[in-house]
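The structure under discussion appears below in the form of structure tokens.
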Amino acid sequence: MLEILLTVPLGIISLLLLLLLFSRRRREGEPPLIKGWIPFLGKALEFRNDSYKFLQQLQKCHGDVFTVLIAGKYMTFVMNPLLYPAVIKQGKQLDFHKFSDAAASTTFGFPAVNTGKFPGLSDKIQRSFLLLQGSALNTLTLKMIGNLQLVLQQDFLSSNAVGRKCDWRQEDLYEFCERVMFEATFLTLYGRPPQTKMDVHTQLHRESWIDALLDNFRKFDAIFPLLIAKIPIVLLGRIKSIREQLIRFFHPHRMAEWTNPSEFIQARTELLNQYDTLQDLDKSAHHFAILWASVGNTVPACFWCLYHLLSSPKAFSVVREEIMGMFGEKEPETMTMRQDRLTREQLEKLIYLESAINESLRLSSVSMNIRVVQEDFCLRLNSRCSVYVRKGDLVTLYPQSTHLDPEIYPDPQQYQFDRFVENGKMKTEFYKGNQKVHYYHMPFGSGATMCPGRFFALNELKLFFCITLLMCDMQLTAGQQHATMDKSRAGLGIMPPANHISFRYRVKKCLQRQGL
């Protein structure tokens with residue numbers, strides 16, 4: 001028995017010593033290397049607990065460039081935004097598309113696109129995103145306006161049916177944003193499944209199909225960070241079954257019966273049908289991935305923007321007056337909701353609304369811009385700084401360090417709704433010291449790898465606030481704690497709130513008189 005008790009710890013110690021002996025060591029010219037004492041995991045736990053604080057401490061100790069072992073990956077962080085251009089413009093030896101393709105394939109359950117099995121598919125998919133910007137946004141804008149109004153009207157009519165016509169309704173703010181944006185975005189992009197009616201007066205309760213879809217989406221999204229981290233889905237309980245249900249919802253035979261899909265979804269459907277090597281469920285998984293991409297970060301962005309506006313009376317007043325001014329009406333009671341009065345060109349003139357959105361994104365975005373090193377080479381960051389990086393490592397930009405840099409943004413932790421307005425125009429020049437910062441606001445990524453749906457996302461956010469502020473009276477519930485961010489999703493985009501925030505809302509009296 002004593003021999004067994006001694007053998008086990010000795011074996012563990014020997015294994016740890018072997019791992020340390022053969023573990024990676026820093027070479028000449030490479031950045032400082034921080035591995036931690038836990039094999040494979042490295043510093044993953046510290047990073048997950050508070051990535052910003054962790055990386056700030058490492059920057060103070062090791063300078064602007066350093067390499068950290070996180071969950072089996074050696075990640076070289078470039079922390080100074082003045083060094084970002086060298087990384088972003090290095091397209092040959094630093095690649096993003098293979099990394100994102102592998103991550104999407106594992107997470108959403110379709111075969112990797114960047115293979116010889118699907119020649120040209122990756123480039124064609126990227127080109128399809130042109131249908132989410134430019135003139136194509138005009139049609140999407142009109143559809144989104146109608147769908148946002150429809151979803152809110154369904155809510156109000158449901159309240160009226162139970163005798164609460166003029167009452168305040170109380171709800172969790174995040175759940176409100178999620179519910180409204182999820183359904184409105186789905187209807188705008190994918191159209192409407194059969195046997196569901198568009199007449200709001202026949203729908204006093206939300207339909208079960210969208211509720212079921214949203215419920216499964218929530219469960220999948222809660223596990224999303226583990227899937228991105230390549231935790232096998234078979235180890236994640238019922239998530240595999242839930243993902244299969246979500247994928248089957250977008251089966252080509254079902255989608256063929258949906259009415260009024262967007263040009264973007266129609267084009268992607270036609271594109272995927274060109275490849276006989278794609279199975280029906282592979283195509284379904286691609287459509288499911290687009291659903292997540294369209295709402296996964298937009299919903300928390302909606303929450304933070306609305307939360308900050310409701311928390312700041314001045315911001316709320318200025319933004320609301322700007323929206324009202326777009327209609328040329330002095331009193332909200334005389335305003336009638338007309339879809340043709342909210343065009344894309346009109347939305348672009350709402351500079352205080354856009355600034356308020358940008359400010360909320362600055363404070364809530366905790367994304368990472370990742371590039372995979374294709375070969376061992378010397379990365380020249382500027383005339384005074386070069387570092388050697390190894391094939392297979394990840395070179396990573398961490399924009400939150402820029403967004404919270406007091407040299408770039410005075411009082412960076414404070415919400416200032418007009419921070420991005422200067423002389424009546426959108427402010428586009430920011431400085432660190434005496435040097436202009438080219439990449440000062442990066443919630444959508446950078447360079448050629450910027451989110452291809454960013455124009456549609458920003459358009460959606462603006463429409464959400466235009467419609468909700470015009471249709472609803474809203475207030476935060478008094479006496480509750482300030483909203484805090486859920487830091488467990490660091491590196492994945494816009495952070496959701498960690499705590500519940502309650503608010504109340506009601507239909508505006510002028511719309512009550514119109515029969516809503």
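Within segment 366-374, does at least one residue satisfy the condition of being of a type in the set (S, T, N, Q), within 26 Å of residue 487 (Cα to Cα), out of contact with any Lys or Arg (no Cβ under 9 Å at 6 or more places or on another chain) and not in a loop (DSSP other than H, G, I, E, B)? Yes, segment 366-374 has at least one match. Taking each residue of segment 207-230 that is more than 25 Å from residue 147 (Cα to Cα) and open to solvent by 40 Å² or more (accessible area, probe 1.4 Å) and looking for partners that are at pLDDT 90 or above and not in a helix (DSSP H, G or I) with beta-carbon atoms closer than 7 Å, six or more apart or interchain, yields 226/236. For segment 348-386, filtering for residues that are open to solvent by less than 10 Å² (accessible area, probe 1.4 Å), among the hydrophobic types (A, V, I, L, M, F, W, C) and over 21 Å from residue 448 (Cα atoms) leaves 4.
Looking only at segment 414-425, residues that are exposed (fewer than 13 other Cβ atoms within 10 Å of the Cβ) and in contact (Cβ under 8 Å) with a residue 12 or more places away in the chain come to 2 in all.
Filtering 263, 270 for residues that are open to solvent by 20 Å² or more (accessible area, probe 1.4 Å), at pLDDT 95 or above, over 23 Å from residue 105 (Cβ atoms) and among the acidic types (Asp, Glu) leaves a single hit, 263.
Residue check: residue 293 meets all listed conditions (1) surrounded by fewer than 21 Cβ atoms within 10 Å (Cβ to Cβ); (2) over 30 Å from residue 502 (Cβ atoms); (3) in contact (Cβ under 8 Å) with a residue 40 or more places away in the chain; (4) of a type in the set (A, V, I, L, M) but one, namely (2). Of the numbered criteria (1) free of Cβ contacts under 8 Å to residues at least 60 places away in the same chain; (2) of a type in the set (Phe, Trp, Tyr); (3) within 29 Å of residue 178 (Cα to Cα); (4) open to solvent by less than 50 Å² (accessible area, probe 1.4 Å), the one residue 444 fails is (4).
Close Cβ contacts (under 8 Å, 6 or more residues apart or on different chains) running from residues in segment 108-126 that are open to solvent by 60 Å² or more (accessible area, probe 1.4 Å) to residues that are part of a loop (DSSP other than H, G, I, E, B) comprise 117/111; 117/277; 126/452.
Would you say residue 257 is among the charged types (D, E, K, R), open to solvent by 50 Å² or more (accessible area, probe 1.4 Å) and in a helix (DSSP H, G or I)? Spell out how you get there, then give the answer.
On the way: among the charged types (D, E, K, R): yes; open to solvent by 50 Å² or more (accessible area, probe 1.4 Å): yes; in a helix (DSSP H, G or I): no.
It is false that residue 257 is among the charged types (D, E, K, R), open to solvent by 50 Å² or more (accessible area, probe 1.4 Å) and in a helix (DSSP H, G or I).
The single residue among 329, 333, 321 that is modelled with pLDDT under 95, open to solvent by 30 Å² or more (accessible area, probe 1.4 Å) and not in a helix (DSSP H, G or I) turns out to be 329. Does residue 465 satisfy the criteria of being touching a residue at least 12 places away in the same chain (Cβ under 8 Å), closer than 28 Å to residue 138 by Cβ and assigned to a loop (DSSP other than H, G, I, E, B)? No: the conditions fail for residue 465. Report yes if residue 141 is open to solvent by less than 10 Å² (accessible area, probe 1.4 Å), modelled with pLDDT of 95 or more and under 22 Å from the mean Cα position of the chain (by Cα), otherwise no. No, not satisfied.
The values are calculated or read from the model by the stated rules, or taken from the named source; none is laboratory data. Remember, it's a predicted structure, so these values are computed and weren't measured experimentally. Using ideal geometry, Cβ is built from the backbone for each residue, glycine included, and neighbour counts are taken over all protein chains shown. Surface accessibility is based on the protein's heavy atoms, side chains included, excluding ligands, DNA and RNA. Shrake-Rupley method; radii C 1.70, N 1.55, O 1.52, S 1.80 Å.
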